[in-house]
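Take a look at the structure set out below.
Nothing in this text is a laboratory measurement; each read-out follows from the coordinates by a stated rule. It should be emphasised that the depicted structure is a prediction, and the values quoted were computed from it without experimental measurement. Positions of Cβ are generated from backbone atoms using ideal geometry, with glycine treated the same way; all protein chains shown enter the neighbour counts.
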Amino acid sequence: MAFINEHYLKLQAGYLFPEIGRRVKEFTEANPVAAARLIRCGIGDVTEALPPACTEALHAAVDEMADRETFKGYGPEHGYEFLREAISENDFRAHDVNVSADEIFVSDGAKCDTANILDILGHQNRIAITDPVYPVYLDTNVMAGHTDTANDAGQYGGIIYLPCTAENNFVPATPDEKADIIYLCYPNNPTGATATREQLAGWVAYAKENNALILFDAAYEAFIQDGDIPHSIYEIDGARNVSNSLHLGHPRHSWQFASTSNERDRPSLSLPFAQPYISLLETFGWRGSRQNPVSQRSSEVNVLQPAMLHNGTLSRQVTRLTEDSELTHLALSELSTDQLVSQLFKRILSREPDEPELLLFSELLEPGYRQRIRQISEQQLQQELAALAPRWKHLPRGRVSWSNHLNIEANKIKQQLEAAVRRGPPASPRLDKDWRLRMEDMVWALMNSPEFIFLP
């Protein structure tokens with residue numbers, strides 16, 4: 001049986017624009033005289049023919065596609081480079097905003113982007129939307145399941161509405177409560193209002209304070225004539241430094257485990273560098289062959305799972321704050337404890353912590369936080385790093401295979417490898433040990449959550 005997305009049923013009278021179109025049609029047919037004075041508030045339409053610059057470019061493009069020498073097939077998924085360079089130069093650098101071409105994605109329009117971006121944002125985010133608003137911002141969140149049902153006034157539970165009224169010149173103030181995602185559209189649709197540099201600076205400050213993401217729609221910026229009105233929120237100092245992105249990192253390794261049976265189940269010969277991962281997979285339900293994969297972790301944590309993560313080799317490797325760990329780099333960064341907890345949640349669980357979680361883990365990391373970075377000379381640091389250099393890097397891994405496993409020397413090498421893997425890489429000497437252990441405990445705790453998805 002195929003199931004439908006029942007969140008669509010929350011929409012009131014269907015998608016707004018078709019509903020407006022239906023009512024306009026009914027009214028104009030019944031009132032032809034009055035229809036001549038009708039002000040339409042549905043989908044905007046153009047009233048003038050295309051200018052020569054557009055038609056000439058379109059004709060040139062058609063001629064290009066009709067010539068075998070200049071014909072282009074499917075374009076790059078992120079848009080042609082010449083177009084992205086033109087956007088970078090004319091839409092951003094012209095306003096002293098340094099947005100390079102490789103940061104620009106040419107899509108089929110902001111309406112689709114507004115919906116598609118919700119696929120990478122969590123359901124637990126609190127959404128703030130101006131009121132009135134371009135309907136797509138609201139409806140896409142309704143359809144994605146980010147709201148409750150609408151009340152009698154047509155407002156949805158779970159949405160922070162930001163009133164745009166004549167009293168505030170149709171530019172709302174920042175809310176008193178915390179929002180995670182904020183939709184701003186300036187020049188505004190549908191009010192036509194513009195936001196000043198000071199007003200946008202207030203929103204940037206709010207986003208920084210609340211670690212929020214601003215989705216800024218500047219569809220009508222070309223109509224701005226006042227030189228003091230920003231064309232992009234990136235014109236505001238500090239806007240590009242807001243910690244609002246979720247970066248899942250870049251995979252460095254991957255494995256496909258078919259079976260370890262060819263190692264005769266002898267621990268010293270069971271691929272030491274793979275065995276910790278195999279053991280963990282088996283604890284969480286892997287059945288030992290690629291023909292029987294487990295693609296979804298059970299929401300019920302069994303008694304073996306935390307024990308495996310706590311005592312297993314993999315836990316020591318992943319949770320330890322080593323020199324090359326991204327988590328160590330976070331710990332050394334100039335962040336508050338709240339910001340550090342937030343970043344750890346995003347990296348490990350792909351979401352922000354809720355208030356009780358933030359309080360709990362901030363209290364865990366706060367003692368000794370200011371003194372977490374050891375005050376040692378560069379010479380001493382290098383000496384300690386040299387002393388901690390992992391010995392397993394120098395072991396001859398390539399000399400052992402299934403065909404020579406009965407060789408005594410080969411067996412010794414495998415045992416050495418196994419011991420080195422069980423020890424794991426050493427912790428960074430840059431961090432105070434007591435504080436480092438508390439942060440490692442926090443990482444381990446998050447790994448034990450059924451939500452655990454990813455860790456770079």
**Report entry** Contour minus Cα-Cα distance for Gln371 and Ala86 (0.36 nm per residue)
**Finding:** 97.7 nm
**Report entry** Simple spin-label estimate for Gln415 and Ile20 in nanometres, 7 Å along Cα-Cβ
**Finding:** 7.8 nm
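Length gain on complete extension for the stretch Ile4 to Leu335, per 0.36 nm per residue less the alpha carbon to alpha carbon distance? Walk me through the numbers on the way to the answer.
Values: separation 331, 0.36 × 331 = 119.16 nm, distance 4.34 nm.
Gain in length upon complete extension: 114.8 nm.
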Requested in this report: Give the long-range amide H neighbours of Leu162: residues separated by 5 or more places, or on another chain, with amide H under 5 Å away, using H modelled in the peptide plane at 1.01 Å from N.
Outcome: Ile129, Thr130, Asp131
**Report entry** Point-to-point label distance, Asp113-Lys433, nm (Cα→Cβ direction, 7 Å offset)
**Finding:** 5.2 nm
**Report entry** trypsin sites (Lys or Arg not before Pro) restricted to the stretch 67-115 and DSSP loop, no more than 11 other C-beta within 10 Å
**Finding:** Arg68, Lys72
Query raised in the report: Using a basic spin-label model with each label point 7 Å from the Cα along Cα→Cβ, how many nm lie between Asp96 and Phe71?
Result: 4.9 nm
